[in-house]
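Heads up: the structure comes next, in structure tokens.
Read-outs: derived from the displayed coordinates by stated rules, not from any lab. In this text the structure is predicted, and so the values were computed from the model without any measurement. Note that each Cβ is placed from the backbone with ideal geometry, even for glycine, and that neighbours are counted across all protein chains shown.
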Amino acid sequence: MAKSTYSYAVSHVAVDSDKDAGLKQTITDFKTKAPAAGYRQVTGQLREMGIVVNHKKVLRLMRKLNLLSTAFSKQSRKYNSYKGTVGTIAKNRLNRRFMSDRPYQKLTTDITEIRWGKKTIEERAYFTCIYDLFSGEVLSYNISLNPTVTFTTKVLESAINRIPKQLGYRTTIHSDQGFQYQNIRWVQILKRRRIIQSMSRKATCLDNAAMESFFHIMKAEVYYQKELNTLEELTSAISSWIQYYNFSRIKTKLGGKSPVKYRTLTTQKVA
């Protein structure tokens, strides 16, 4: 190698190192708070902080710092609440049209298992929520040791109370064919508020893919590199994470905004 080439390479490595030192530290600090964050989320967070940087550079630096996320590679067990036709089966009115241009128009819900304790002796509970497809905001949620009908209707009523009275259009809520959603109590609550009921086809989880995706993100980010030994610890971790998810966790498809911030800004523009 020519001496001039070597000198050029060394000087530019030094320049790059000095130039990126602050950025590396900022990335490392954010990853300490959100260890499951991927490079796209880190890039968006940097831009929210006023640091304009290309996502490819963030990826390169995170790879160099060994900070790439591995949280989403683990597959979790899916809870199945289907017990045959035990009540009302609604039509699939959503038909995988998960996009919406207005809040509270399309909501979706489901139930998933959550676990705590050591891998050899795991305990389980159940989590459910009402999720707005407009912004990805979690309108309400519940955690229980038993996935009863009351477990789901409490969450439904809590979410309905957040929907403005003079919305101007009807709300559709989508679920699978679990026995909780076929139950007459669930159906009557929807009818009283003139909410349209929609259900996935039997054994077709892709019909509610948006909800499945949210559960995957939640489990990856709540469980990642954490040891939760009690139900209280798990409940606290999930509650804190949902607060972070709604108000702080940015989404690329929302223009680098959190769900609540995106809904607020959009509503203000319409008004």
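In percent, what relative contact order does the chain have, based on Cα pairs under 8 Å that are 6 or more apart in sequence?
It comes to 20 percent, rounded to a whole number.
Relative contact order, percent, of the range 36-192 when contacts are C-alpha pairs under 8 Å separated by at least 6 residues?
Details: 207 pairs, mean separation 34.8, N = 157.
Across the range 36-192, relative contact order equals 22 percent.
If you count, for each residue, the other Cβ atoms within 10 Å and average over each peptide, how do 234-246, 91-103 line up from highest to lowest?
Values: 234-246: 16.7, 91-103: 14.4.
Sorting 234-246, 91-103 by mean packing, highest first, produces 234-246, 91-103.
If you take the Cα atoms of the chain, find Rg, then find the Kirkwood Rh from the mean of 1/r over all pairs, what is Rg/Rh? List each step's numbers first, then the result.
On the way: Rg = 22.2 Å, Rh = 20.8 Å.
With Rh from the inverse mean 1/r over Cα pairs, Rg/Rh is 1.07.
Putting +1 on Lys and Arg Cβ atoms and -1 on Asp and Glu Cβ atoms, find which of GLY255, ASN183, THR204 reaches farthest to the positive end of the dipole of the range 106-269.
Checking the options against the dipole of the range 106-269, the answer is GLY255.
With everything on Cα atoms, drop me the angle between helix 259-270 and the longest principal axis of the chain, reported from 0 to 90° to the nearest 10.
80
Pairing the Cα long axis of helix 149-160 with the longest principal axis of the chain, what angle in degrees results, from 0 to 90 and rounded to the nearest 10?
Value to nearest ten degrees: 70.
At a Cα cut-off below 20 Å, give the aspartates and glutamates reachable from LYS202, other chains included and same-chain residues fewer than 8 away excluded.
Straight-line reach from LYS202, under 20 Å: ASP110, GLU113, ASP176, GLU212.
Rounded to whole Å, give me the distance from the Cα center of the range 33-62 to that of the range 149-178.
About 35 Å separates the Cα centre of the range 33-62 from the one of the range 149-178.
Output the 0 to 90 degree angle, nearest 10, between the alpha-carbon long axis of helix 231-247 and the longest principal axis computed from the alpha carbons of the chain.
Computed tilt is about 70 degrees.
If you take every residue apart from MET199 with its C-beta less than 10 Å away from the C-beta of MET199, what net charge results, scoring Lys and Arg +1 and Asp and Glu -1? The partial results should precede the final answer.
Numbers: positive: LYS91, ARG93, ARG201, LYS202; negative: ASP176, ASP207.
Surrounding charge for MET199 is +2.
Subtracting the Cα-Cα distance from 0.36 nm times the residue separation, let me have the gained length for LEU65 to GLU232 in nm, one decimal. List each step's numbers first, then the result.
Details: separation 167, 0.36 × 167 = 60.12 nm, distance 3.40 nm.
Value of the extension gain: 56.7 nm.
Excluding ALA209 itself, calculate the net charge of residues whose Cβ lies under 11 Å from the Cβ of ALA209, where each Lys or Arg counts +1 and each Asp or Glu counts -1.
Working: positive: ARG96; negative: ASP110, ASP207, GLU212.
Neighbour charge sum, excluding ALA209 itself: -2.
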